[in-house]
Each structure stands twice: as C-alpha cells, then as structure tokens.
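This report concerns only the one structure given below.
Where a number appears in this text, it was derived from the coordinates with a stated rule and is not lab data. Just so you know, these numbers come straight off a predicted model, no measurement behind them. Note that we place each Cβ from the backbone using ideal geometry, even for glycine, and neighbour counts take in every protein chain shown.
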Amino acid sequence: MKKNLWKLTTGAVMIAALAGCSVHANTAATNDATQTKEITVDQAKEIAFAHAAVNESEISDLRVKNDREDGRSVIEVDFNANGYEYDYDVSATDGTLIKSEREPLKATTSGGTSKNDASTQTTTKQNRNAANTNDTNTASSATITKEQAQNIALQDAGVRASDAQIIHVKEDYEHGQAVYEIEFYSGNTEYDYEIAKSDGSILSKDFDIENWEPSGNGTSNAQTSITLEEAKAIALAKVSGAGNDHIWIEKDMDDGRITYEGEIYYQGMEYEFEINASTGAVIEWSSERADWD
C-alpha cells in the first residue's frame, strides 16, 4: 500500500512539473511575440518616400512586397518618380533602411511603356544577385556613364549645367565598389559627390561656401541673430522626418565668426552641417550612409 501511494505521489509531482514547464514555455513565447513588433507596409512606404525626398503624388509604378534578404524579414518598396527608378529594402522588424538604389529611367516609346521592359527587369534582378555574390564580372556589365553621374549630382544640388564649373569627374574604387568622384563649383559654393557607378545612387555628398565672411565691421561676432532652436529647425528642415531626438547641435567660433555646428543621424544616414549664426544660412552640409563600410 505504501509503495502504491509513493508511486501516485511521484506521478503527481511529475505532472505538476511538466505543467509548470508548459506554462513557462507559453509565457516565454508570448513575451517574445510581444517584443517583436513589425512595421506596417504603409510605414515602410513612408520611410522610403522620406529618404527619396518625394511626395506620394509624384510617384508612379509603386510596388511593395514582403521578402527575406540574408535571413532578415524586409519590405521591398520600388517606385518611379521625377525621372528615376527607386529600389528600397526596409527592415520589417524595426524600420531600418537596409538598401537604397536610384537609377535614371529608361527611354519610353510613344505608347508610354518602357522599351525592353521585361529585359530591363531581368537585368536588374541579375545585377542584384551579382552584388549579393560579389561577382565583379557581372556587376561591372551594367554601369552608368560619367555624363550620367555628373547630371545626377547637378540635379541633386539644384544647379544647372550652364551655371556649374566642373573641376573633375573621375572613376575611383571605394569600400569595395566602383564610384565616380565629382567636384564642381557654382557661384561661391563647392560641391563634392560620390556616386555609385553601378546604379547612380548617391553614396556621399557635401557642399560648403567659400570665402564666407561675417557681416558687419567685425564687432558683430559677439552677437547672434539666430537662436540655437532656430538653427536646429533650419537643419531638421533639410532631413524629412527627422526630429529633436536625431540631432546634436552646438554654438561654435570658427575663424572669428559664430556658427552653429551639428550632426543628424536618421534612417541609416549621417548628416553634418554648419550654419551662419547671424543669417541662418547653411554654409556647410554633408551626408553619407552611417553604416557604409
């Protein structure tokens, strides 16, 4: 009798332990599910549109789908706008911008459809696969020209070709990929661009105003017309979607003039700027991918 009672007691303890394990496992699974909060397709679209600096009214041929890249869940956002084709991969888990590509749209026929559309799509897919496998022979087969790279830089800077003094457009190789380095002047502003040879995407850019002098007779450098908050607003206005949590800014003295200097980190991009504290003019600005290596 005691032996049977011992067996019953032992069985009850084991059942209770297994039940506890099940509850713990279910709780852990619930917690994991709660912590994983994926972004929506609409949020991914907003992230891509903000990075491209386009309005939804300017967009055509929008294509959005869920996919997996290198074991990660992503949302692909592809669209055409202002003469360019944009391709984005946005992390579905946290909204991080994983990939951004831009290339000029191909010429169209009188019917309004792209020439060799199926061939173009196949080539684009092949180029993506080549990039993923580091097949340099295939990747080098589809590139933009120096003239196209120059036009991309001028359009981004808002400078007409007739107003630009081109210093150089040269090929280089940076961080494992072929690029065009472009330097030009317009007025008293110097522009520098690095543009990917493979697809025309802007990898980095900066501009600064040459021979800038503070206004007044030299005594005004102890005064500022622009407050720190106003300078912050001027810088944030140049990065659509960025807010106070993404900016660092401080007042500085540079060659006897008062300026505001700072940085903005937003959606995988790093922006550096310098603002004239007297007038609010942006006298230096640069941007590059923060995680580009």
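Here are the numbers:
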read-out	value
Rg and Dmax [Cα atoms of the range 143-211; Å; Rg one decimal, Dmax integer]	11.5, 37
Cα-projected label distance for ASN82 with GLU183, points at 7 Å along beta-carbon direction, nm	2.7
Sorted by Cβ neighbour density within 10 Å, fewest at the top, the residues LYS99, LYS65, LYS45	LYS65, LYS99, LYS45
Out-of-range pairs (alpha-carbon distance over 26 Å; input LYS99/LYS146; LYS146/LYS232; LYS170/LYS238)	LYS146/LYS232; LYS170/LYS238
Extension reserve of the ILE209-GLN43 stretch, reckoned as 0.36 nm per residue once the Cα distance is removed	56.1 nm
For GLN177, residues with placed amide H under 5 Å, excluding near neighbours	none
Simple label model, 7 Å out from Cα along Cβ direction - ALA161 to GLN148, nm	1.5
